[in-house]
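The values are calculated or read from the model by the stated rules, or taken from the named source; none is laboratory data. Computed from a prediction, not measured in an experiment: that's the story for all the values here. Here the Cβ positions follow ideal geometry from the backbone for every residue, glycine too, while neighbour counts run over all protein chains shown. Side chains are part of the model used for accessible areas, which takes the heavy atoms of the whole protein and leaves out ligands, DNA and RNA. Shrake-Rupley method; radii C 1.70, N 1.55, O 1.52, S 1.80 Å.
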Amino acid sequence: MDNSNSQGSGGFKAGLGNLFGGGAPEYSNTELAGVPLTGMSPLSPYLNVDPRYLVQDTDEFILPTGANKTRGRFELAFFTIGGCCITGAAFGTINGVRMGLKETRDMAWSKPRNVQILNIVTRQGASWANTLGSVALLYSVFGVAIEKVRGAEDDINTVAAGTLTGMLFKSTSGLRGVARGGLAGLALSGAYALYSNWDNITGSSSSSSSRLY
């Protein structure tokens, strides 16, 4: 009689436990000791799920069909132009302060001197922002156009866009100016291409040296 009561009460408790989520089986330390470890992700004895399947090893976002995982030159053009304008304005402001203090060093600190320094700072900031913004605009236009014509995106587009930008920017200075501008654009764009691929270059050189030795 006692056994039937205890079994009934045990079944009732088990039913309540299952109803409120407390019916999970209890494991002892001996039982847990026999759980196999799969690498660094052990199989949980409380959940019938291998934690390895919960690790996200795919892309977080679903891209449209045919879309690139990285932003193209057209998307980066806005960031490039805006960044160059801000950089030019900051550099022009610093240069304007230097020039203003130099040109007004014979004047006492007064309102006319402050106004003159402010005018120089404004002119220099606007001039440098306009210059670097124009260069960035030309570079972006050439880069997008060359990418569309060639149908590929690589460092050749970067070097070609930089060279053409320098040539066009100095087109009003004669043939020598065009040549100097092209060489400057070639040097800067080539240095940027070398910097962006430095890890691949050093990795390939180290791998080749390891194969030789």
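With K and R counted +1 and D and E -1, the other residues having a Cβ less than 14 Å from that of VAL121 yield a net charge of +3.
Using a probe of 1.4 angstrom and keeping all protein chains present, the accessible surface of the stretch 97-213 works out to 68 square angstrom per residue. Electrostatic tally near TYR139: other residues with Cβ closer than 13 Å to its Cβ, Lys and Arg +1, Asp and Glu -1, net 0. Other residues whose C-beta falls under 12 angstrom from the C-beta of GLY182 contribute a net charge of +3, scoring Lys and Arg +1 and Asp and Glu -1. Answer rounded, prolate or oblate for the stretch 97-199, using the Cα gyration tensor with square roots of eigenvalues a ≥ b ≥ c: rounded when a/c is under 1.5, else prolate when a/b is larger than b/c, else oblate. It is prolate, given that a/c is not under 1.5 and a/b is the larger ratio. Scoring 125-133, 158-166, 188-196 by mean Cβ neighbours within 10 Å over their residues and listing the highest first yields 158-166, 125-133, 188-196. Rounded to the nearest Hz, the phi-derived 3J(HN,Hα) couplings of the stretch 104-113 under the Karplus curve 6.51 cos²θ - 1.76 cosθ + 1.60 (θ = phi - 60°) are 10, 5, 7, 9, 6, 5, 8, 5, x, 5, where x marks glycine and proline.
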